[in-house]
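The values are calculated or read from the model by the stated rules, or taken from the named source; none is laboratory data. Model, not experiment: these values are computed from the prediction. Please note: Cβ atoms are built from the backbone with ideal geometry, for glycine as well, and neighbour counts cover all protein chains shown. Protein only, heavy atoms only, side chains kept; ligands, DNA and RNA dropped before computing areas. Shrake-Rupley method; radii C 1.70, N 1.55, O 1.52, S 1.80 Å.
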Amino acid sequence: MERGHLLLIDGMALLFRSFYATAPRWMMNSRGVPTNAVYGVVKQIEAATNALQPTHVVCCWDMGSTTFRTEWFPDYKANRGEPPCELVPQFDLAKEAVAILGIPNIGVLGAEADDCIGSLVKQYRDGMSISIVTGDRDLFQLLSKHVTVYLLAKGIGNYEAYTLERFIEEKRIQPQQLVDVKALMGDASDNYPGVRGIGEKQAFKLIQQYGSIEGILENLANLTNAQQQKITEHLDLLHLSRKLATIHCDIPISLRLEEAKWDGEPRRFREVLEAIR
């Protein structure tokens, strides 16, 4: 039986990238609302569906800045400012455009788009091939035999395709071990610290050698004195950072797969661009 092909789109990544790629003042609709980011999202979806030829498409979104991660760590993403005023009205407009395309918008209060994508991957990976279009390398932890991540590159329709084989060859770890790497090195973008004094290169080396945080702790005596001190002094932050870095794949999502069926009609893109003018 032929496997279906599910395309999961990181709507937040497309929206922000499209906004900063063009000037909002040059693209307004008849109501005076900026549309540059929405236009970019539509063009990116058109390019992705043409290139990847999915049978089903879903678009995932964040649903506000308060999530279970901010409950665990109030400073999570606290370094990020408010979105530009020209972008704010485009959040709802982008979802309207996606809905006109016939693509389900998925977002769950308290969770992030990554968690929704991870939960859909877990639900459908055994029966479908899955492609993820995103700008977020954290989604590499979802890679598997049937899951490919397409990282947005400069321009519309340009991607860096990461298969399981490419990731293992480049990083010399398994995708699931990326969480432990992030626990050690932290993430400046998401504003969680990891183990202070351990950077990306050292974090990868430790996980390549010992396999996991548990493996490192079991072999603590084999580490340098400096590494031992850093890890023992920041053990609580290490475990918290791993929790923050983990994509949670058990988010309850109400979706019937037939709702996401993609017919690939070019007219849909013409219609949505007319609707947002």
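Some points to look at:
- Pairs, first at negative phi in region 28-54, second charged (D, E, K, R), C-beta under 6 Å, six or more apart: Asn29/Arg277; Pro34/Glu86
- Among the conditions (1) open to solvent by 30 Å² or more (accessible area, probe 1.4 Å); (2) assigned to a loop (DSSP other than H, G, I, E, B); (3) more than 28 Å from Gln44 (Cβ to Cβ), the only one that Ser189 does not satisfy is (3).
- Taken together, Asp236, Asp190 contain a single residue that is under 23 Å from the mean Cα position of the chain (by Cα) and among the charged types (D, E, K, R), which is Asp190.
- Leu257 of a type in the set (A, V, I, L, M, F, W, C) and over 27 Å from the mean Cα position of the chain (by Cα): no
- Test: residue in region 101-116 that is more than 17 Å from the chain's Cα centre (by Cα) and charged (D, E, K, R): no
- Some residue of region 143-150 being farther than 22 Å from Glu46 by Cα, open to solvent by 10 Å² or more (accessible area, probe 1.4 Å) and of a type outside the set (D, E, K, R): yes
- Every test in (1) assigned by the TED database to the domain that holds Lys145; (2) touching a residue at least 12 places away in the same chain (Cβ under 8 Å) is passed by Glu165 save one, and that test is (2).
- Residue that is most open to solvent (accessible area, probe 1.4 Å), among those in region 151-165 that are assigned to a loop (DSSP other than H, G, I, E, B) and touching a helix residue (DSSP H, G or I) at 6+ places or on another chain (Cβ under 7 Å): Ile156
- All of Ile251, Ile198 fail the test of being assigned to a loop (DSSP other than H, G, I, E, B), crowded, with 17+ Cβ neighbours inside 10 Å and in the same structural domain as Leu101 (by the TED database), apart from Ile251.
Okay, residues lined up against (1) touching a strand residue (DSSP E or B) at 6+ places or on another chain (Cβ under 6 Å); (2) within 17 Å of Arg17 (Cα to Cα); (3) small (Gly, Ala, Ser):
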site	(1), (2), (3)
Gly81	no, yes, yes
Phe91	no, yes, no
Glu96	no, no, no
Gly107	no, no, yes
Cys116	yes, no, no
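- Matching option when the condition is in contact (Cβ under 8 Å) with a residue 60 or more places away in the chain and either within 26 Å of Arg268 (Cα to Cα) or out of contact with any Asp or Glu (no Cβ under 8 Å at 6 or more places or on another chain) (or both), among Pro74, Pro89, Pro84: Pro84
- Hits in region 43-64 (condition: over 16 Å from Ala21 (Cβ atoms) and among the acidic types (Asp, Glu)): Asp62
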